[in-house]
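Report on one structure; see the data block that follows.
The values are calculated or read from the model by the stated rules, or taken from the named source; none is laboratory data. Because the structure is a prediction, the values reported are computed rather than measured. Here the Cβ positions follow ideal geometry from the backbone for every residue, glycine too, while neighbour counts run over all protein chains shown. Heavy atoms of the whole protein, side chains included, go into the accessibility calculation; ligands, DNA and RNA do not. Shrake-Rupley method; radii C 1.70, N 1.55, O 1.52, S 1.80 Å.
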Amino acid sequence: LAVVRDIDDRVGAEERLRVQAAALDAAANEILIVDRDFRIEWLNQAFATATGYTLDEVAGRTPEFLRDGTPDAGSFADTTRALTSGASWHGEVTSRHKDGATRRVAVSFSPIRDGRGAVVRFVGVGQDVTERRALEAQLRQAQKMEAVGQLAGGIAHDFNNLLTTIFAASGLLEEQLPEAAPSREEVRLVRYAAERGAELTQKLLAFSRRQRLEIAPLDLAAAVAGFARMIRRVLREDIVVSVAPDADPVVARADAGAVEEILMNLVTNARDAMPSGGRLTIATERRALDAAAAALHGCPRAGDYAVLSVSDTGSGMSAETQRRIFEPFFTTKPVGSGTGLGLSMVYGLVKQQGGGVSVYSEVGRGTAFRVYLPAAAAAEAVQGAGGRPAAREARGGTETILLVEDEVGLRRAAQRVLERHGYTVVVAEDGAEALKILARQDLQVALVVSDVVMPRIGGAQLYRALRERGSTVPVLLTSGYTARDVEAAAELKDRLPFLAKPWTVAELLKGVRGVLDTPEGGPRS
């Protein structure tokens, strides 16, 4: 008796099952299958690789053991409750690896039903989102810092106007007092307070990336060597300083003064973190960063970077402190020991130069800051530190000057300074009024001194209007922002003479005289 049965369908079904199983095992996402009691029955290779566990080690256990106890979007009970009701569950969990390391995982659990529609098992799919969440956190921090920077820049602009008035009024008063007058000391105290305020606004401008910088090829090793010779005045004898330059030249496209400011702030913070002494190391190197590494270190794009490292063996910082370390006015120092703007200034200066800054620290084991600055091309010549023009003598004149300033107190103070030193001064409260004055045939204006930010028509628009009318009268712009903002706002191809607020009486007189005494409208600075 022979029995013949057609098993093509069964063989085909078994082959499909084998293919499906192989596909699940080869999938990049982590896949887990649990029974109705949520005990693990099967896992794929991606799950085993991500967690460090094999199926033999976890079979019969619930996925709950993988959680590290960190509060998540939903508890395991929430997951099981949703699944037993027949719904799917989606969320993020903090998963613990076999070696103790943790990571963030996006998880989706769905019910598996039999032919009658009854739930017989559950399948979970996980994807590691640790790096994505870290990048998102960096983006949120960058957006917050940008918003704070814009606010800081606006405050600095208004504050600089007030300080300029104080400088001008105190300078005029000091000129009128006899050399032996006791009240001259009070005037000096006023000026000293204004100078401290100017330093504060300079830090705010650096953080908000509105400080003027001169970008040029800079040999970092030479800059560090020169800086190391003079930092002894800010360090104690119980701090050992080591300088470790790279064997090959490390040339950055950076501003020499800004790099020195960055170093001074980082070194000062390192000193304060080592009250009982320790070791301070300053190093340089050149590194090529891909897109992922650039994002990790806060750099705007992939490419070659000159890296400046400042590390110490001090008290270190907690993770929470590291998250806030670059925020303005955030400080862990005692009251009166700092403004909380030092590292904010570092952040602003580095970002303004197209770089990034990262920090690694452990409590009790020290801190390392790494500053990434765009590397210069090999063909670019490294510029020296010299070449600054000699300072002009602060003196007056007899020319007619049109002063354009919307701040009433500052306009009056500047007018008095210029008139006191021999100039004839005509004033306007904005660019629109200035254009009407300049249209008069009976007035020969030798120089226009104009604020940049004003209602209706600002200084840059005033300059363009004059050139469109064929006027060649030189223009000296002045602002509580910096020359960088002037050029960006005005969209001018040529660079105009610029005087940053707050200016002193001497600086105003030097700036005015410098433009008047220079052919074709003064120096382009």
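Rank-order 214-222, 295-303 by packing density, defined as the average count of other C-beta atoms within 10 Å over each peptide's residues, highest first.
Working: 214-222: 18.8, 295-303: 17.0.
Output ranking for 214-222, 295-303: 214-222, 295-303.
Could you order peptides 117-130, 264-277 by the average number of other Cβ atoms within 10 Å of their residues, highest first?
Details: 117-130: 16.1, 264-277: 18.4.
Peptide ranking by packing, descending: 264-277, 117-130.
Hey, what do the phi angles of region 33-46 turn into as Karplus ³J(HN,Hα) couplings, whole Hz, using 6.51/-1.76/1.60 and θ = phi - 60°, x for Gly and Pro?
Along region 33-46, the couplings run 10, 10, 7, 5, 8, 6, 9, 5, 10, 8, 8, 8, 5, 4 Hz.
Can you give me the solvent accessible area of residue 53 with a 1.4 Å probe, rounded to the nearest 10 Å²?
Its accessible surface works out to 40 Å², give or take rounding.
Using 0.36 nm per residue of separation minus the Cα-Cα distance, give me the extension gain between residue 113 and residue 127 in nm, one decimal.
Values: separation 14, 0.36 × 14 = 5.04 nm, distance 2.36 nm.
Roughly 2.7 nm would be gained on extension.
Suppose the chain between residue 242 and residue 20 were pulled fully straight at 0.36 nm per residue; how much longer would it get relative to their current alpha carbon spacing?
Values: separation 222, 0.36 × 222 = 79.92 nm, distance 6.05 nm.
The span from residue 242 to residue 20 would gain 73.9 nm if fully extended.
Taking H as built 1.01 Å from N, whose amide H comes closer than 5 Å to the amide H of residue 457, not counting residues under 5 places away?
The answer is 431, 432.
Using the beta-carbon distance between residue 214 and residue 137 and R0 = 25 Å, what value does 1/(1 + (r/R0)^6) give for FRET efficiency, to the nearest 0.05?
The formula returns an efficiency of 0.15 here.
Tell me the label-point distance for the pair residue 229, residue 358, using the 7 Å Cα-to-Cβ offset, in nm and rounded to one decimal.
Distance between label points: 3.3 nm.
Which value, in Å² rounded to 10, gives the accessible area of residue 49 with a 1.4 Å probe and all protein chains present?
90 Å²
Given H placed 1.01 Å from N in the peptide plane, which residues other than close sequence neighbours of residue 96 have an amide H under 5 Å from its amide H?
Placed amide hydrogens put 67, 68 under 5 Å from residue 96.
Cross-link candidates for residue 510: which aspartates and glutamates have Cα within less than 16 Å, leaving aside residues fewer than 8 places away along the same chain?
Within the straight-line limit of under 16 Å, residue 510 reaches these aspartates and glutamates: 393, 399, 419.
Accessible area of residue 97, 1.4 Å probe, to the nearest 10 Å²?
Roughly 50 Å² of residue 97 is accessible to a 1.4 Å probe.
Could you order 155, 40 by accessible surface area, starting with the largest, using a probe radius of 1.4 Å? Mind dumping the intermediate values first?
Working: 155 90, 40 5 Å².
My answer, sorted largest first, is 155, 40.
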